[in-house]
Amino acid sequence: MHRAIPSIRALIVLPTRELAKQVNDVLLELIKGTKLASHLLVGATTLDQDCNKLTQTIGGEKYATCDIIVATPGRLMDHLENGLDLSRLRFLVVDEADRMRGAWLEKLEQKTNRALLQKLLFSATLASDPQFLSSLKVKYYFLKSIVYDNRLASISKIVHLRLDAARRSY
């Protein structure tokens, strides 16, 4: 094993297999020439096959064989219930966050060290549901709104907001 930290450090969750595969394909290009490794978990293989690809046993200890997992919520939930170790997870990226509700997120919270975890949430409509934002248990929200002007075929305005979730203020 030639990895400095043999554990899963980043998780990218997407709503569909197709989108997860596209993201993983781009990720594989980006990490070429590095010591980083990623795995795609979308239910295309059996749970046992996934588990065999995700871990390696050395001297009786199990180690993750990848740094980054790209997954759909359903398949991720299967692995969380099967004992996937995410105790050293540092980054959670959720695309289409407004569509990604479910038990997987709470299960994930139980399996991670929340003090280390940074969450990056992307959505075109996420800000329209403050109750859902609250359920994500983030300390600060950084909202970025981009206004595209069709007449000019360019971005006409970018608004950045940093909100303190505890105070619910700007």
Between the modelled labels at LEU120 and ILE58 (7 Å from Cα along Cα→Cβ) the distance in nm is 2.7
Once both label points are put 7 Å beyond Cα along the C-beta direction, the ALA44-ILE5 separation in nm becomes 2.8
Using per-residue counts of other Cβ atoms within 10 Å, averaged over each peptide, order 94-103, 55-64, 22-31 from highest down.
-> 94-103, 22-31, 55-64
Inter-label distance for ASP85 and ILE31, nm, one decimal - labels placed 7 Å from Cα along Cα-to-Cβ | 1.7
For the stretch 85-93, in residue order, the Karplus 3J(HN,Hα) values (coefficients 6.51, -1.76, 1.60; θ = phi - 60°; whole Hz; Gly and Pro = x) are 8, 10, 5, 10, 5, 10, 10, 10, 10
Within 10 Å, count the other beta carbons around each residue, average over each peptide in 83-89, 33-39, 67-73, and list them highest first.
-> 67-73, 83-89, 33-39
With charges set only on the Cβ (+1 for Lys and Arg, -1 for Asp and Glu), what does the dipole of the stretch 1-83 come to about its Cα centre, in debye to the nearest 20?
-> 240
Do any of LYS21/LYS119; LYS32/LYS53; LYS32/LYS62; LYS35/LYS62 go past 23 Å between their Cα atoms, and which?
-> LYS32/LYS62
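Just so you know, all these numbers are worked out from the coordinates, no wet-lab data involved. Keep in mind that what you see is a predicted model, and the values were worked out from it rather than measured. Using ideal geometry, Cβ is built from the backbone for each residue, glycine included, and neighbour counts are taken over all protein chains shown.
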